[in-house]
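The values are calculated or read from the model by the stated rules, or taken from the named source; none is laboratory data. A quick note: this is a predicted structure, and the numbers were derived from the prediction, not measured. Glycine gets a Cβ as well: all are built from the backbone with ideal geometry, and neighbour counts include every protein chain shown.
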Amino acid sequence: MHGPPPTGDFPASIFSTSLLSGAFAPYWGLYLKSLEFSAFQIGVLMSLLQVARIFGPNLWGWLADHTGRRVAVVQLAALLSLLSYLESLPARALSGCSW
């Protein structure tokens with residue numbers, strides 16, 4: 001028999017995800033408009049954020065449950081996030097983006 005599920009991590013995860021989404025989404029569309037993206041392109045990019053929020057956790061959860069290596073899956077997700085950010089740095093440097 002298993003013990004009770006941990007309660008502290010899940011609400012903190014939901015809170016931080018919602019906080020990031022609420023702080024990021026209103027300004028990202030404006031940023032894309034300043035880069036002269038069309039309304040259609042901004043709409044597609046904004047919708048991709050929501051698609052990732054719907055399917056991403058389910059896919060990572062399935063992978064963690066299917067393999068039984070939950071910590072390794074979280075580490076893999078963190079590594080892939082870091083690599084995707086590092087991959088974008090040369091493009092930002094070439095475009096003159098300061099951050």
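Of the residues making up the range 54-91, just one is surrounded by fewer than 12 Cβ atoms within 10 Å (Cβ to Cβ) and in contact with a helix residue (DSSP H, G or I) (Cβ under 8 Å, 6 or more places away or on another chain), namely Thr67. All conditions in (1) in a helix (DSSP H, G or I); (2) at pLDDT below 80; (3) farther than 16 Å from Pro57 by Cα hold for Gly3, with the sole exception of (1).
For the range 17-69, the set of residues classified as of a type in the set (Phe, Trp, Tyr) and in a helix (DSSP H, G or I) consists of Phe24, Tyr27, Trp28, Tyr31, Phe40, Phe55, Trp60, Trp62, listed by residue number. Scanning the range 16-39 for residues that are modelled with pLDDT under 80, exposed (fewer than 12 other Cβ atoms within 10 Å of the Cβ) and of a type in the set (Ser, Thr, Tyr) turns up Ser16, Ser18.
Scanning the range 16-64 for residues that are over 26 Å from Val74 (Cβ atoms) and small (Gly, Ala, Ser) yields Gly29, Ser34, Ser38, Ala39, Gly43, Ser47.
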